[in-house]
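Throughout, read-outs are computed from the coordinates displayed, never taken from laboratory work. All values derive from a computational prediction rather than experimental measurement. Virtual Cβ from ideal backbone geometry, glycine too; neighbours counted across all protein chains shown.
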Amino acid sequence: MDWKGRRQSRNIEDRRGRAPRARNPFGRGGVRLPTGGLRRASGGGISTIVVLVVLFVVLKSCGIDPLQILAGGGSGLPGGDPAVTERQVTPARQDEMSQFMATVLAETEDVWNGVMQAQGVNYPEPTLVLFTDAVRSACGNASAASGPFYCPGDSKIYIDLRFFDELARRFQASGDFAQAYVLAHEVGHHVQNVIGVLPKFNQMRRSMSQTEQNRMSIRVELQADCFAGIWGHYTAQKGLLERGDLEEALNAAQQIGDDTIQRRTQGFIVPESFNHGTAAQRKEWFARGFESGRLESCDTFNNPV
């Protein structure tokens, strides 16, 4: 990705080196990038208001409470590997990665401000929090092993930059555009928060069974993937993508599919426990957003997933 020399976002909060001890991560609805194990955490407005109404009616008629899904979600990478917090990353690499994240965040701001303005919706920009080892958020405390996550309670995205070394080493998803996809996915959850999807999900899931929560969570996560694809669409239009960038993002989406993660971590899959989507689903919905650049293409609630 051709990113150097471009605008960097000022919506950055650098807490590296001063992380608190983390307990009870995602106690209040944080949305994270899945990182291993069977348990993973996961706006109406615009023309999406219609989608939300239809979604609510359809789900209730099926006995599903959509409100619990909307608390927030993550990208879907397995965590819990102590190496994430033990491995050392040089200060120079940390600085370059932080600048890259600030640049990608700025690009998402440009895209989503434009998309939302066209829909007559205000877009409050999210804040990216960089942390080391553990962090406190409005959704509770979390450790770096949990992976990147979005907290709808404070509209902030939390990332320990060492996670990206884990992404490349453990999940064979290397490349700067793979990293950009991770951030764009979390920004996708912020978009969902803005248009009302996450608040609705959080409310509805209170009366859902775990199986119902997982099914709805998959739709929420795939929509965030599709929104990440929309960002990629406009980034490509600017001529910022380099050869192989799209393949990096699609590979990352595949490597963090529920089925891929479970095969890697436990040797078998348990479809009932999926809550972010399979590798094929994640690739498909990112590609839909990338190809169309339209919100209407990301209706995971009224289309087969």
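So which chymotrypsin sites (Phe, Trp or Tyr not before Pro) in segment 199-269 pass both tests, a DSSP loop state and at most 16 other Cβ atoms within 10 Å of the Cβ?
When the chymotrypsin sites (Phe, Trp or Tyr not before Pro) of segment 199-269 are filtered for loop state and at most 16 Cβ neighbours within 10 Å, F268 remain.
Which values, in whole Å and largest first, are the semi-axes of the equivalent ellipsoid of segment 262-305 obtained as the square root of 5 times each eigenvalue of the Cα gyration tensor?
Rounded to whole Å, the semi-axes are 26, 12, 6.
Using the 10 angstrom Cβ neighbour count as an exposure proxy, how do W112, W285 rank, fewest first?
With the sparsest Cβ surroundings first, the list reads W112, W285.
Got a sec? How would L130, L183 order by Cβ neighbour count within 10 Å, fewest to most?
L130, L183
Note the direction-averaged projected area, equal to a quarter of the hull surface, for the Cα convex hull of segment 139-234, in nm².
Average of the hull's projected areas for segment 139-234 equals 6.9 nm².
V129's amide H: which non-local residues (gap 5+, or another chain) put their own amide H closer than 5 Å, with H modeled 1.01 Å from N in plane and none for Pro or chain starts?
When sequence neighbours closer than 5 places are left aside, the close amide H contacts are E13, I157, Y158, I159.
Enter the mean projected area of the convex hull around the alpha-carbon atoms of segment 188-247, in nm², rounded to one decimal.
Averaged projected area of segment 188-247's Cα convex hull equals 4.9 nm².
For the pair N302/N113, report the inter-label distance in nm, with labels modelled 7 Å from Cα in the Cβ direction.
Between N302 and N113, the simple spin-label model gives 3.1 nm.
Quick one: length gained pulling D95 to S207 fully straight, 0.36 nm per residue minus the C-alpha distance?
Computed gain between D95 and S207 is 35.9 nm.
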